[in-house]
Amino acid sequence: MKRLDPILLKLFLYGIPLVAGFALFSHWYNTGGLTTGSAVAGFLNGLAGLVVATWMTLAIYLSFRLLVSGPFRDQVLARITFIRERDEREAILTGKATKKVFLTSLAFLILLFCLSSFQVSVYRVPLEHAVDGKTGVISLGLGFSFLEQVQQDHPAALTKEKDIFTYQGLPLSSAAIVLLLIAWQIVSYNFTMRRLMR
Amino acid sequence: MAKSPPKITIVNRLHVLRAEKRLTQEQLAQEIGVTRATIVAIEKGGYNPSLELAFRIARYFQTDINAIFSVEEEETK
């Protein structure tokens with residue numbers, strides 16, 4: 001496995017342009033940009049499916065190896081994050097930068113959790129639902145669901161006459177949030193390390 | 001209340017010893033197995049080396065560790 005991993009990693013990285021090309025071709029083919037009757041185009045579309053499937057399998061395998069193999073993780077992630085530990089001082093600086101990134105990421109996660117679970121709604125209700133003659137309502141809530149796309153009760157929706165402002169969690173997709181966190185970790189680590197190295 | 005320990009500053013004569021041996025920072029770094037940036041940081045007082053590295057430096061200059069590193073105590077208010 002130790003010998004196979006670097007080969008698979010190179011295949012994965014050098015395969016990115018090929019996969020992007022095939023994905024574009026496949027999209028073009030399936031949206032009617034090409035004459036679907038052509039045998040060559042049909043063969044290439046089939047090949048595109050095979051290449052993308054192989055690349056996706058490689059991506060899952062390599063992600064799993066990153067989790068379980070220490071040397072592989074050091075080799076790959078150290079390169080991505082530009083970690084250099086050439087002597088004891090750099091090892092200390094790496095530790096300081098890592099601590100800072102860990103704590104800021106944790107703070108960032110807590111903020112994201114708050115933003116995704118808080119619900120705020122400002123609206124007006126019909127006169128028959130008014131309390132003490134007041135029709136303006138501010139509704140605050142906490143929403144948490146373990147799984148995506150679970151229908152939640154919105155009792156306010158039944159009595160709303162005019163919606164003024166509604167906030168029901170982050171509008172970002174989970175994939176976008178994960179990507180944002182990965183980018184945050186790499187950028188903040190590099191920024192901290194550069195500042196400490198001065 | 002516990003008395004706060006006196007603040008100490010570690011000073012060093014590394015640049016003097018290096019100059020006496022007519023060594024560049026890069027050469028010294030290679031001899032003791034660290035980066036030039038670490039030598040710069042030690043000489044400027046921005047980084048205090050570990051005991052291991054301090055002994056390695058002393059051994060390289062064939063001297064006692066106290067001849068390179070010493071402690072200056074600061075008055076605490």
For A:Met197, the lone unmet condition from (1) farther than 25 Å from A:Arg84 by Cα; (2) modelled with pLDDT under 85 is (1)
| said: Condition first: more than 30 Å from A:Asp5 (Cα to Cα) and either in a helix (DSSP H, G or I) or modelled with pLDDT of 85 or more (or both). Can you find one or more residues in the stretch A:43-58 that meet it? | reply: yes
Quick count over the stretch A:83-132, residues being within 14 Å of chain B (Cβ to nearest Cβ), in contact (Cβ under 8 Å) with a residue 12 or more places away in the chain and either in contact with a His (Cβ under 8 Å, 6 or more places away or on another chain) or in a loop (DSSP other than H, G, I, E, B) (or both), is 0
Taking the stretch A:165-198 and keeping only residues that are of a type outside the set (A, V, I, L, M, F, W, C), surrounded by fewer than 11 Cβ atoms within 10 Å (Cβ to Cβ) and under 26 Å from A:Gly141 (Cα atoms), one is left with A:Pro171, A:Ser173, A:Ser174
Selection from the stretch A:125-139 of residues of a type in the set (A, V, I, L, M, F, W, C) and surrounded by fewer than 10 Cβ atoms within 10 Å (Cβ to Cβ) yields A:Leu127, A:Val131
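So how many residues does the stretch A:50-67 have that are surrounded by 12 or more Cβ atoms within 10 Å (Cβ to Cβ) and either touching a residue at least 60 places away in the same chain (Cβ under 8 Å) or under 17 Å from A:Leu24 (Cα atoms) (or both)?
The qualifying residues number 5.
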Considering the stretch B:32-46, residues that are surrounded by 14 or more Cβ atoms within 10 Å (Cβ to Cβ) and among the charged types (D, E, K, R), and then whichever is farthest from the other protein chains (Cβ to nearest Cβ), we arrive at B:Glu43
Quick count over the stretch B:55-64, residues being assigned to a helix (DSSP H, G or I), free of Cβ contacts under 8 Å to residues at least 24 places away in the same chain and under 20 Å from B:Arg22 (Cα atoms), is 2
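Might you let me know whether the stretch B:60-71 holds any residue that is polar (S, T, N, Q) and within 14 Å of chain A (Cβ to nearest Cβ)? Before the answer, list the steps.
Taking the stretch B:60-71 and keeping what is polar (S, T, N, Q), we get B:62-63, B:66, B:70.
Then drop every residue that is not within 14 Å of chain A (Cβ to nearest Cβ), which leaves none.
Within the stretch B:60-71 (the criterion being polar (S, T, N, Q) and within 14 Å of chain A (Cβ to nearest Cβ)), the answer is no, since none of the residues qualifies.
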Among (1) within 14 Å of chain A (Cβ to nearest Cβ); (2) assigned to a helix (DSSP H, G or I); (3) of a type outside the set (Ser, Thr, Tyr), B:Pro49 falls short only on (2)
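The values are calculated or read from the model by the stated rules, or taken from the named source; none is laboratory data. Predicted, not measured: the structure shown is a model, and the values here were computed from it. Cβ coordinates were reconstructed from backbone atoms using ideal geometry, including for glycine residues, and neighbour counts include every protein chain displayed.
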